[in-house]
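*Asks:* Sharing a structure here in C-alpha cells format.
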Protein chains: 2
Amino acid sequence: MTQVQDMDNKLMFERSQCPITNGLDIFGDKWTLLIIRDLVLGKRRYQELISSPENIASNILAHRLKRLEVAGLVTRRAYQQKPERYEYVLTEKGKDLRPVLEAISRWGTKHYPGTSVFRAVGQG
Amino acid sequence: MTQVQDMDNKLMFERSQCPITNGLDIFGDKWTLLIIRDLVLGKRRYQELISSPENIASNILAHRLKRLEVAGLVTRRAYQQKPERYEYVLTEKGKDLRPVLEAISRWGTKHYPGTSVFRAVGQG
DNA sequence: GCAGTAACTTGCATCTTGCAAGACAGTAAA
DNA sequence: TTTACTGTCTTGCAAGATGCAAGTTACTGC
C-alpha cells in the first residue's frame, strides 16, 4: 500500500484507502470514542475524563489523548500557570465525529434496551 | 458495575450502561467494522473476507467472526456439504450498523481526501 | 512543614495481535 | 494412486497493548 504524508507528518493510508480503515486507525479501540464522547459532552480535564464510569486507566488515557492530539482531533492547552494545568478540547475534525457517536448510540439503545441515551455530562 | 445476561448468555453492561460502550465492547477494534463493511458490501465467504486490501490475518478473522456470531450480528451457515463450507451473513442487528459505517465513511472522506467512498464489493 | 490536588509516568503481569505454518476434508488432474 | 489444489480454520510464538498500582512533579492551603 502506498504511504502518503499530510502536513502534520502523520502516516496515512497505512492499511488501505478506505475512509473507514483510516478512521479506525485513529479511534478503532475500546477507549478512544469514549473519550471523544466525554469531550463532546463538555468534559475538558484529565480528572473529569478519568472519572467516567468505564474507569479508564490513567496511562491509557494519556496515550489516547496524545494520539488524538497528533491526529488533530484534540487540542491540548494550559488553562492555568503555576502549576501548569492542561485541558483538552475537540478541534472541528474531532467534533465532526459527533454523527458517528450518535449512530452508535442509536444502534446501542435499539439493541441493548437497558442502556441509557447519550446526553449530558455525568451520564456516562 | 452490575452484570446482566441476555437470552444468548452474553455478558452485558460490563463497563457501563452507555450504549456506545456496549457497542465498542463488540466492535471496538481495528478489524471488526471492516468485516461488517465487507458483509454489508455483499461478501460472504472466508476467502472473500481474507482478500480485502487491509490483509487481515486468518486467526483474527476467525476470532472476530466467532465474536460477531456470539453477539448476534452474524449468522454462520453451510452453503454446501462435502466438504462443508460456510458463509457468513449479517442479521438485522448487524445490518443496523450500516448508519455507523456511513457516518465513519463520511468523516473519513471529509478529513482524508485521498480515501475513496464506501461502495461496491472490491473497493476495500 | 505536611497533606492535598492535578496531570501525568513507570513497572510489571497478563491479554491481544500479527505473521507464518499446519490441519483437515474434500475435488481435480496426471 | 499420487500429487496438487481449494477453502475454512487452528496452532505456535514473538511483539505489542492493556490494566492495575504506585510513583513523580509542581504547586496551594493549613
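All of the numbers you see were taken from the coordinates with simple rules; none came from a lab. Note that the coordinates shown come from a computational prediction; the quantities given were computed from them, not determined experimentally. Because the Cβ atoms are built from the backbone with ideal geometry, glycine has one as well, and the counts that use them run over all protein chains shown.
*Asks:* Could you work out Rg/(2.2 N^0.38 Å) for the range A:80-119, with Rg from alpha carbons only?
*Replies:* 1.79
*Asks:* Do you know the Lys pair count in the range A:4-99 for C-alpha distances under 26 Å, with sequence separation 8 or more or different chains?
*Replies:* 15
*Asks:* May I pose another question? Please list 3J(HN,Hα) in residue order for the range B:73-88, calculated via the Karplus relation 6.51 cos²θ - 1.76 cosθ + 1.60 where θ = phi - 60°; whole Hz, with x for glycine and proline.
*Replies:* 9, 9, 10, 9, 8, 6, 9, 6, 10, 6, x, 5, 10, 10, 10, 10
*Asks:* Could you give me D for the range B:30-111, from Stokes-Einstein at 20 °C and 1.002 mPa s, where the hydrodynamic radius is the Kirkwood radius over C-alpha pairs? Units µm² s⁻¹, please.
*Replies:* Answer, rounded: 161 µm²/s.
*Asks:* Select the chain A residue whose beta carbon lies nearest to the rotation axis carrying chain A onto chain B, and write the distance in whole Å.
*Replies:* In residue-and-Å form, the answer is A:Ala103, 2.
*Asks:* List the distances, in nm to one decimal, from the label point of B:Lys95 to the label points of the same position in every other copy, shortest first, placing each label point 7 Å from Cα along the Cα-to-Cβ direction.
*Replies:* So the distances to the same position in the other copies read 3.6 nm.
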